[in-house]
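First comes the structure, then the notes that go with it.
The values are calculated or read from the model by the stated rules, or taken from the named source; none is laboratory data. Keep in mind that this is a model prediction, so the values were computed, not measured. Note that we place each Cβ from the backbone using ideal geometry, even for glycine, and neighbour counts take in every protein chain shown.
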2 protein chains.
Amino acid sequence: MTAKILDGREVAEALRQELDAQLQSFKQRSGVTPTIALVRAGADPASVSYAGTIERGFVKRGMGFVPRILPETATQAQIVDTVSELNAQAVVHGIMIQEPLPRGVDPAAIIAALSPEKDVDGVHPLNSGRLAQVAPAGRDPGVGHYLVPATPAGGLEILKHYQVPLAGQHAVVVGRSNIVGKPMALLLLRENATVTICHSRTADLAAVCRQGDILCVAIGRARMVKGDWIKSGAAVIDFGVNFADGKMCGDVDYDQAIEAAGMITPVPGGTGPVTNVMLMRNVLDAAMTQVCAGGS
Amino acid sequence: MTAKILDGREVAEALRQELDAQLQSFKQRSGVTPTIALVRAGADPASVSYAGTIERGFVKRGMGFVPRILPETATQAQIVDTVSELNAQAVVHGIMIQEPLPRGVDPAAIIAALSPEKDVDGVHPLNSGRLAQVAPAGRDPGVGHYLVPATPAGGLEILKHYQVPLAGQHAVVVGRSNIVGKPMALLLLRENATVTICHSRTADLAAVCRQGDILCVAIGRARMVKGDWIKSGAAVIDFGVNFADGKMCGDVDYDQAIEAAGMITPVPGGTGPVTNVMLMRNVLDAAMTQVCAGGS
């Protein structure tokens with residue numbers, strides 16, 4: 001049996017249509033253009049390229065894009081000042097800090113300077129904390145408005161788009177970064193899955209992975225998860241973006257996995273395209289919350 | 001084989017000695033008495049009794065205790081005002097809100113009013129978020145100062161006191177409350193355990209529990225976890241406080257579990273006594289952070 005492809009481009013297209021409708025309606029009602037500001041120090045090639053992708057996506061949808069590029073020699077105080085300035089600008093609804101930051105700059109200090117309401121990357125601890133505290137789906141959330149990092153939020157959208165059952169299922173998340181693994185685990189817990197979080201210190205990772213009805217992988221190692229690590233019929237979400245043998249590939253060995261899994265995201269064309277839409281959705285969400293004054 | 005008893009009173013005594021030494025040193029250096037304020041509306045008998053336990057413990061150690069008791073008819077605005085007043089008082093270092101709150105009062109709104117630096121119960125989302133984001137033990141934490149709820153912090157102290165291996169072990173946490181289950185899972189993840197979080201929607205809970213080298217239970221159901229749910233030799237931390245047949249008992253069927261587990265906390269005399277000391281430690285920690293101005 002060959003796995004069904006969880007087509008990220010298809011999901012992204014569906015989400016974009018939904019976004020466009022909400023965006024047009026919001027712009028008409030409010031006269032406001034939801035806008036992201038991007039803060040970067042220096043010109044790391046991958047960051048510059050990612051900024052270009054964001055700019056094109058936002059402009060194409062009729063959303064605003066404000067770059068704030070500092071020199072590579074920028075100090076922590078200068079970056080904090082830039083963030084504070086953007087916090088205060090009513091025409092900016094979302095702020096994203098691009099890494100790498102210059103040497104000697106403490107990322108936590110920059111993140112702490114972000115207004116949580118403009119934290120469209122979901123990296124401020126107040127947003128993480130609200131996600132950590134949120135009640136299970138179906139109940140009153142019990143927390144204020146919060147923003148979730150775009151990548152795991154997109155992973156969940158893929159599972160929902162393909163109607164993968166989540167409640168009561170065993171989800172295994174490999175990787176515990178603050179931007180993918182941990183928020184993905186918390187999202188799956190919110191959806192009433194039983195959740196296992198694995199990482200570099202996990203004993204017999206293959207055996208733990210094999211328990212997952214849903215297997216989400218974000219470890220940053222090309223094709224590390226093998227076919228025999230996958231439970232027969234499992235839904236596999238591969239967040240990896242690696243380059244090996246001159247080709248982009250995920251953290252899962254796709255050619256092997258496709259024979260074991262029930263469904264799987266390819267790389268490219270899986271989680272990536274959805275991440276970009278989720279960032280736009282976060283910016284629209286942030287703009288709506290700010291313009292409608294409240295929500296948090 | 002009969003399990004070794006993880007004696008909470010012994011752990012609490014060791015922690016109290018450590019606390020006393022730090023407390024005396026801090027009081028001498030600063031002239032400050034670390035003080036908790038307790039906010040309650042009404043006279044729920046269990047809350048009144050718990051407040052008495054806290055008061056006796058704090059007074060005995062030479063720490064301050066400030067009760068702020070509002071009538072059962074207190075409004076949300078009145079409770080928020082009380083919290084704001086306590087936030088502003090330099091002589092109060094920790095604030096604890098007792099539940100139940102009056103009908104119509106939103107607990108999240110009261111918690112949001114707390115100064116995160118005085119949140120010695122670890123319930124503010126900023127503290128949850130920092131715990132969720134903290135780097136694994138042994139690395140730079142990468143987050144500001146944070147306070148962890150006393151009950152799971154105490155559970156971890158018991159495991160550490162008895163030198164239970166954590167890194168690379170499979171820890172199963174049953175229950176996902178914001179005050180015990182979720183923070184316990186995040187603490188175990190910080191300690192490099194592989195962590196599974198189970199709850200009321202988990203399929204075949206017994207089988208998942210049997211995987212735990214460490215099994216932490218906080219579900220609020222008398223003796224629900226049976227002996228054959230426990231992996232042979234596992235360390236069992238029982239956070240339950242129930243009354244059945246006129247006796248206090250945990251969430252684990254102790255008489256059965258003691259034959260299966262390698263180590264187990266009894267109820268009473270397990271996690272309870274340690275929780276009380278951890279609350280004092282949080283208040284001392286908060287006082288040190290506030291007096292030494294910074295840390296966050």
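Are there strands (runs of 3 or more DSSP E) fully within segment A:233-280 with at least 1 residues that are out of contact with any Gly (no Cβ under 9 Å at 6 or more places or on another chain) and of a type in the set (Asp, Glu)? List them. Strands (runs of 3 or more DSSP E) meeting the threshold: none at all. In segment B:167-185, of all residues being outside any helix (DSSP H, G or I) and either buried (at least 24 other Cβ atoms within 10 Å of the Cβ) or at pLDDT below 95 (or both), the one that is nearest to the other protein chains (Cβ to nearest Cβ) corresponds to B:ARG176. Looking at this structure, is A:PRO136 part of a loop (DSSP other than H, G, I, E, B) and either in contact (Cβ under 8 Å) with a residue 40 or more places away in the chain or more than 14 Å from chain B (Cβ to nearest Cβ) (or both)? In short, yes.
Scanning segment B:121-133 for residues that are facing another protein chain (nearest Cβ under 9 Å) and either of a type outside the set (D, E, K, R) or closer than 16 Å to B:ALA109 by Cα (or both) turns up B:VAL123, B:HIS124, B:PRO125, B:LEU126, B:ASN127, B:SER128, B:GLY129, B:LEU131, B:ALA132, B:GLN133.
Taking the numbered list (1) more than 10 Å from chain B (Cβ to nearest Cβ); (2) part of a loop (DSSP other than H, G, I, E, B); (3) farther than 25 Å from A:ARG16 by Cα; (4) free of Cβ contacts under 8 Å to residues at least 24 places away in the same chain in turn, A:ALA206 passes all entries but (2).
Contact map, segment A:1-27: residues that are farther than 28 Å from A:MET263 by Cβ paired with residues that are among the hydroxyl-bearing types (Ser, Thr, Tyr) and at pLDDT 95 or above, Cβ distance under 7 Å, separation 6+ or inter-chain. Pairs shown: A:LYS27/A:THR33. Within the set A:ASP238, A:ASP255, A:ASP245, the sole residue that is within 25 Å of A:LYS182 (Cβ to Cβ) and among the acidic types (Asp, Glu) turns out to be A:ASP238.
Looking across segment B:16-34, the residues that are closer than 22 Å to B:GLU117 by Cα and touching a helix residue (DSSP H, G or I) at 6+ places or on another chain (Cβ under 7 Å) come down to B:LEU19, B:GLN22, B:LEU23, B:PHE26, B:SER30, B:VAL32, B:THR33, B:PRO34. The single condition among (1) away from chain B (no Cβ under 14 Å); (2) part of a helix (DSSP H, G or I); (3) in contact with a strand residue (DSSP E or B) (Cβ under 9 Å, 6 or more places away or on another chain); (4) not hydroxyl-bearing (Ser, Thr, Tyr) that A:ILE111 does not meet is (1). Of everything listed in (1) free of Cβ contacts under 8 Å to residues at least 40 places away in the same chain; (2) touching a helix residue (DSSP H, G or I) at 6+ places or on another chain (Cβ under 8 Å), the single unmet condition for B:GLY122 is (1). Being surrounded by fewer than 19 Cβ atoms within 10 Å (Cβ to Cβ), part of a loop (DSSP other than H, G, I, E, B) and among the acidic types (Asp, Glu), is that true of even one residue in segment B:140-160? Checked against the condition, which is being surrounded by fewer than 19 Cβ atoms within 10 Å (Cβ to Cβ), part of a loop (DSSP other than H, G, I, E, B) and among the acidic types (Asp, Glu), segment B:140-160 yields at least one hit.
Just checking, which of B:VAL241, B:VAL283, B:VAL208, B:VAL267 is at pLDDT 95 or above and not assigned by TED's automatic domain parsing to the domain that holds B:GLY168? Walk me through how you get there before you give the answer.
Working: B:VAL241 fails: not assigned by TED's automatic domain parsing to the domain that holds B:GLY168; B:VAL208 fails: not assigned by TED's automatic domain parsing to the domain that holds B:GLY168; B:VAL267 fails: not assigned by TED's automatic domain parsing to the domain that holds B:GLY168.
Being at pLDDT 95 or above and not assigned by TED's automatic domain parsing to the domain that holds B:GLY168 holds for just one of B:VAL241, B:VAL283, B:VAL208, B:VAL267, which is B:VAL283.
Quick check, is A:VAL105 facing another protein chain (nearest Cβ under 9 Å) and either touching a strand residue (DSSP E or B) at 6+ places or on another chain (Cβ under 8 Å) or at pLDDT below 95 (or both)? Taking the combined requirement at face value, the residue does not satisfy it. If you go through segment A:114-133 and keep only what is closer than 26 Å to B:VAL180 by Cβ and not in a helix (DSSP H, G or I), you end up with A:GLY122, A:HIS124.
Collect the residues in segment B:186-197 that are within 9 Å of chain A (Cβ to nearest Cβ) and on the phi < 0 side of the Ramachandran plot, keeping them in residue-number order.
Selection gives B:LEU186, B:LEU189, B:ALA193, B:THR194, B:VAL195, B:THR196, B:ILE197.
Residues that are over 18 Å from the mean Cα position of the chain (by Cα) and either facing another protein chain (nearest Cβ under 9 Å) or among the hydrophobic types (A, V, I, L, M, F, W, C) (or both) were ranked within segment A:146-166; the one that is nearest to B:ARG130 (Cα to Cα) is A:LEU166.
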